[in-house]
Number of protein chains: 2
Amino acid sequence: MRKMISMQLQEVHALSMACLLANGCDPENAQAIADQTTKAEGDMCQTHGLFRIPWYVGGLRSGRANGRARPWIEHLAPAVLRVDGDNGYAPLGLLAGQKPLADCARKNGVAALAFVKMFHVGALWPEVEALAAQGLCVFAFTPSYPFVAPAGGSKGLYGTNPMGFGWPRKDGPPLVFDQASSAMARGEIQIAARDGHPVPETAGIGPNGETTTDPNVVLAGAQLGYGGHKGASMAMMVELLAGAMIGEFLSIEAAEDDGGEGGPPKGGELILAMDPVRFGDPDGFLDHGEKLLSAILAQEGTRLPGARRMAARKVTPERGIEVPESLYQTLQGFTT
Amino acid sequence: MRKMISMQLQEVHALSMACLLANGCDPENAQAIADQTTKAEGDMCQTHGLFRIPWYVGGLRSGRANGRARPWIEHLAPAVLRVDGDNGYAPLGLLAGQKPLADCARKNGVAALAFVKMFHVGALWPEVEALAAQGLCVFAFTPSYPFVAPAGGSKGLYGTNPMGFGWPRKDGPPLVFDQASSAMARGEIQIAARDGHPVPETAGIGPNGETTTDPNVVLAGAQLGYGGHKGASMAMMVELLAGAMIGEFLSIEAAEDDGGEGGPPKGGELILAMDPVRFGDPDGFLDHGEKLLSAILAQEGTRLPGARRMAARKVTPERGIEVPESLYQTLQGFTT
C-alpha cells in the first residue's frame with residue numbers, strides 16, 4: 001500500500017502555485033495551471049491533478065515550455081479563431097480563447113478555435129465544461145505522443161488522442177465526456193506494469209504485433225484503439241483535425257520535437273462550439289436533451305458520463321483529497 | 001448457398017428507378033435515390049445498395065414517406081443552414097443542401113447543416129465524400145432506431161448511430177470513414193441469426209442484460225456500443241446532436257413514430273463542414289495529411305478506411321456486381 005496524505009483543495013492550489021512559480025512561471029500562467037490542477041483534484045480526477053505537476057515543472061526546467069507565455073488571438077475567418085499559445089501551457093491560452101469562441105459561436109451558430117503552439121498535459125473536460133456551462137454544445141480534440149497503432153499495424157503512430165464532448169443541461173452542470181481513442185489510458189497500463197497485473201488483450205500488442213496481456217509488452221509495443229479499428233479511426237481523425245488542419249504537430253512530430261525526453265507534448269487542439277439556440281429548436285432543445293438523459297437513467301445500472309466527478313466535486317471542498325506521500329514529497333522538492 | 005445473379009451498374013440504376021417510380025416517387029426523388037443506390041452497389045457496399053430498396057418502397061407504400069418531396073433550405077444563422085426534407089427520402093435533400101453548405105463553410109470557415117423531416121436509410125459516406133471531394137473536412141451524424149443499450153443498461157435506447165468523417169486528399173478521392181456506434185452492424189447480427197453463427201460477446205446482451213453469443217438473444221435484447229461505454233457515449237452524442245439540438249426525433253421517438261412497423265426511420269442528420277484553407281495552414285494541410293496517411297500505410301497490414309470501396313469502384317463499372325436472386329425477384333415484383 002502506498003502511504004497517502006490528506007490535503008485541502010486550497011493546499012493543492014498553494015502547492016501547485018509554489019511549484020510553478022519556483023520553476024519559471026509568472027503569476028498569470030501559474031494561476032491558470034493551478035486552477036485546473038485544483039479542479040481535477042476536486043473532481044478526484046487524480047491522473048490530471050497534482051500527478052501532472054512534475055510534467056509541467058519538467059517542461060519549464062528543460063526550457064521547452066514558456067512559463068511567461070502571453071497567448072494571443074486572431075480571427076482566421078468569420079467563424080474561425082486561432083489562439084497562439086506562445087509556447088506556454090494550455091490553461092492560460094484556453095482562458096484567453098474561451099469568451100471570444102463563445103461569442104463567435106453565438107454570433108454565427110457554430111465556431112471553431114484552433115489552438116496552436118502550446119503544451120497540453122491536462123484533461124479536455126475542463127475547457128469543454130467551461131463552454132458547455134455557457135449553453136454551448138462543444139467538441140474538443142488533441143493529439144499527444146505516438147502510442148497507438150493504426151488498425152492492422154503494430155507500431156505506435158497515433159496519440160491516445162482524446163475527444164471531449166459537452167452538452168448543456170437544464171439544471172446544473174453540463175453533460176461532459178472526455179475519452180481517449182485508445183482502449184486503455186496509458187497511465188492505467190503503466191500502473192498495471194508497476195503492480196504486476198495483466199491487461200485485457202484489447203489494450204495493446206507487442207513489438208511484433210503479437211497478442212498479449214502483459215502490460216510491459218504493450219508498453220514496448222503499441223496500444224490499440226477502443227473497439228478495435230473504430231477507435232483507431234477516431235485517433236486518426238484527431239491527428240487530422242488538431243494536427244494537419246490547424247498546422248500543428250501530428251503525434252509522431254510531437255515525439256520528434258521532444259527528442260524522446262518524455263516531456264510534455266507540444267502541439268495543438270481544435271475546439272468546435274455550437275449554439276443550440278441557433279439550430280432550429282431554441283425553446284425545446286434543453287428539455288429534449290433531458291428526455292434522453294432521463295431515459296438513460298431510467299435503466300438500472302446506468303450513470304451519465306462525468307457522474308463520478310460531479311459526486312466527488314460535492315464532497316472534496318469539505319473533506320479534502322488524498323495524495324500519495326511520495327508525490328507530495330516530490331512536489332515539495334520543486335518549491336525551493 | 002444463395003443463388004446470385006450478375007447485374008451491370010446501369011441495370012442497378014434502372015431497376016431502382018423502376019421500383020421507385022412505380023411506388024409513388026417522382027422522377028427527381030427517384031433519380032436521387034437510384035444514384036445513391038448505384039453508388040453503393042458500385043462500391044460493393046451491398047448493405048446500402050439494392051438491399052435497401054424494399055425499405056424505400058415500404059415507406060412509400062405505407063404513405064409515411066413523401067415520394068414527391070420538395071426539400072427547401074433556410075439560413076438559421078450566418079453559419080447554420082437547415083434543409084427541410086418535406087418528409088421525403090434523404091438523397092434529394094442532401095443534393096439540395098450540398099452546395100449551400102459548401103459555400104457557407106468556405107465563407108465562414110466552418111458551417112453546419114441541420115437536415116430535418118426526412119427518412120435516412122442510406123449510408124453516411126456518400127454525403128461525406130461529396131463534400132470532402134470539394135476540399136472540405138466533414139462530420140455527419142444521424143440516429144436511427146433504439147437498438148443499442150446505454151452503458152450499464154440492458155434495453156435498446158440509442159440507434160446504431162453512425163458518425164461519418166471526411167478529409168480531402170491531395171490526389172484522388174477523399175479519405176472517408178462511416179462507422180456505427182454499435183460494436184456490430186444490425187444487419188450482421190441478423191445474418192448471423194439467419195445462418196446460425198455465434199456473435200462475439202461484445203456485440204450485445206440478452207433481454208435481462210445477460211452475456212451471450214447467440215444472435216437471436218441479442219436481437220431480443222440490445223446491442224452494445226463499440227469498445228463498451230465509449231461507443232455508447234458516441235451513440236448518446238449522436239442523439240443529442242442530430243436529435244435534440246436540431247429539433248428532430250431521438251431514436252426512441254423515431255420508433256414511436258413508426259409504431260413498430262419496421263419501416264424507414266424518420267429523423268434528422270447533422271453535417272458539419274470545415275474549410276481547412278481557413279484554419280491557418282492553407283498551403284500545408286494537404287501534404288501534412290498525406291504525411292500521416294503515408295505513415296499509416298508504411299506499416300504492414302494496414303489499409304485506409306474506405307480502401308475496399310475504392311478498390312471495388314475501379315472494377316464494378318466493367319465487371320458489374322452480384323445480387324441475391326431472391327432480392328432481384330422481390331425488386332422485380334415492385335416494378336409493376
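Scanning segment A:287-315 for residues that are assigned to a loop (DSSP other than H, G, I, E, B) and either without any contact (Cβ under 8 Å) to a residue 24 or more places away in the chain or touching a His at 6+ places or on another chain (Cβ under 7 Å) (or both) turns up A:Ala298, A:Gln299, A:Glu300, A:Gly301, A:Thr302, A:Arg303.
Taking segment A:298-310 only, how many residues are closer than 22 Å to A:Glu11 by Cβ and exposed (fewer than 12 other Cβ atoms within 10 Å of the Cβ)?
Total satisfying the criteria: 0.
When each of B:Glu239, B:Glu210, B:Glu201 is tested for being touching a helix residue (DSSP H, G or I) at 6+ places or on another chain (Cβ under 6 Å) and charged (D, E, K, R), the lone residue that passes is B:Glu239.
Count, please, the residues in segment A:1-35 that happen to be among the small types (Gly, Ala, Ser) and either in contact with a Ser or Thr (Cβ under 7 Å, 6 or more places away or on another chain) or outside any helix (DSSP H, G or I) (or both). Step through it out loud before you land on a result.
Restricting attention to segment A:1-35, the residues satisfying the condition of being among the small types (Gly, Ala, Ser) are A:6, A:14, A:16, A:18, A:22, A:24, A:30, A:32, A:34.
Imposing the further condition that a residue be either in contact with a Ser or Thr (Cβ under 7 Å, 6 or more places away or on another chain) or outside any helix (DSSP H, G or I) (or both) reduces the set to A:6, A:16, A:18, A:22, A:24, A:34.
Looking only at that region, the number is 6.
In segment B:251-272 there is at least one residue that is among the acidic types (Asp, Glu), buried (at least 24 other Cβ atoms within 10 Å of the Cβ) and closer than 23 Å to A:Met234 by Cβ.
Could you tell me which residue of segment B:183-200 is nearest to the chain's Cα centre (by Cα), considering only residues that are in a loop (DSSP other than H, G, I, E, B) and over 22 Å from A:Ser233 (Cα atoms)? Out of the qualifying residues, it is B:Val199. Residues in segment B:164-180 that are in a loop (DSSP other than H, G, I, E, B) and of a type in the set (D, E, K, R): B:Arg169, B:Lys170, B:Asp171.
Scanning segment A:311-328 for residues that are of a type outside the set (Val, Ile, Thr), exposed (fewer than 15 other Cβ atoms within 10 Å of the Cβ) and out of contact with any strand residue (DSSP E or B) (no Cβ under 8 Å at 6 or more places or on another chain) yields a total of 6. Taking segment B:122-136 as the range and being more than 11 Å from B:Gly164 (Cα to Cα) and surrounded by 24 or more Cβ atoms within 10 Å (Cβ to Cβ) as the test, the residues that pass are B:Gly122, B:Leu131, B:Leu136. Restricting segment B:230-264 to residues that are small (Gly, Ala, Ser) and outside any helix (DSSP H, G or I) leaves a set whose member that is farthest from A:Thr302 (Cα to Cα) is B:Gly263. Here the condition is being among the charged types (D, E, K, R) and on the phi > 0 side of the Ramachandran plot; of A:Asp26, A:Asp35, A:Asp86, A:Asp43, it holds for A:Asp86 alone. Of the residues that make up segment A:40-50, is at least one under 27 Å from A:Glu261 (Cβ atoms), assigned to a helix (DSSP H, G or I) and touching a Cys at 6+ places or on another chain (Cβ under 6 Å)? No: zero hits.
Results for (1) in contact with an Asp or Glu (Cβ under 9 Å, 6 or more places away or on another chain); (2) more than 10 Å from chain B (Cβ to nearest Cβ); (3) more than 25 Å from B:Leu240 (Cα to Cα), shown as yes or no for each residue.
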position: A:Lys230; (1), (2), (3): no, no, no
position: A:Ala244; (1), (2), (3): yes, no, yes
position: A:Gly260; (1), (2), (3): no, yes, yes
position: A:Gly263; (1), (2), (3): no, yes, yes
position: A:Lys266; (1), (2), (3): yes, yes, yes
position: A:Asp275; (1), (2), (3): no, no, no
position: A:Phe279; (1), (2), (3): no, no, no
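What tally of residues in segment B:215-229 results from selecting those that are assigned to a helix (DSSP H, G or I) and surrounded by 24 or more Cβ atoms within 10 Å (Cβ to Cβ)? Before the answer, list the steps.
Narrowing segment B:215-229 to residues assigned to a helix (DSSP H, G or I): B:215-220, B:229.
Still in the running and surrounded by 24 or more Cβ atoms within 10 Å (Cβ to Cβ): B:218.
Residues flagged as assigned to a helix (DSSP H, G or I) and surrounded by 24 or more Cβ atoms within 10 Å (Cβ to Cβ) within segment B:215-229 amount to 1.
As a summary of the residue check, B:Gly280 satisfies the conditions (1) open to solvent by 10 Å² or more (accessible area, probe 1.4 Å); (2) in a helix (DSSP H, G or I); (3) more than 29 Å from B:Leu9 (Cβ to Cβ) except for the one numbered (2).
Residues in segment A:19-40 that are open to solvent by 40 Å² or more (accessible area, probe 1.4 Å) and closer than 14 Å to A:Thr330 by Cβ: A:Ala22 alone. Cβ separations smaller than 9 Å between residues 6+ apart or across chains give the following pairs from segment A:133-151 residues that are within 11 Å of chain B (Cβ to nearest Cβ) to residues that are open to solvent by 30 Å² or more (accessible area, probe 1.4 Å) and among the β-branched types (Val, Ile, Thr): A:Pro146/A:Ile252. Condition test on A:Ala180, is it in contact (Cβ under 8 Å) with a residue 12 or more places away in the chain and within 14 Å of the chain's Cα centre (by Cα)? It is true that A:Ala180 is in contact (Cβ under 8 Å) with a residue 12 or more places away in the chain and within 14 Å of the chain's Cα centre (by Cα). Are any of the residues in segment B:233-250 free of Cβ contacts under 8 Å to residues at least 24 places away in the same chain and open to solvent by 30 Å² or more (accessible area, probe 1.4 Å)? Taking every residue of segment B:233-250 in turn, none turns out to be free of Cβ contacts under 8 Å to residues at least 24 places away in the same chain and open to solvent by 30 Å² or more (accessible area, probe 1.4 Å).
The values are calculated or read from the model by the stated rules, or taken from the named source; none is laboratory data. Please read all numbers here as calculations on a predicted model, not as lab measurements. Neighbour counts are summed over all protein chains in view; Cβ atoms, including those assigned to glycine, are modelled from backbone coordinates with ideal geometry. With ligands, DNA and RNA removed, areas are computed over all heavy atoms of the protein, side chains included. Shrake-Rupley method; radii C 1.70, N 1.55, O 1.52, S 1.80 Å.
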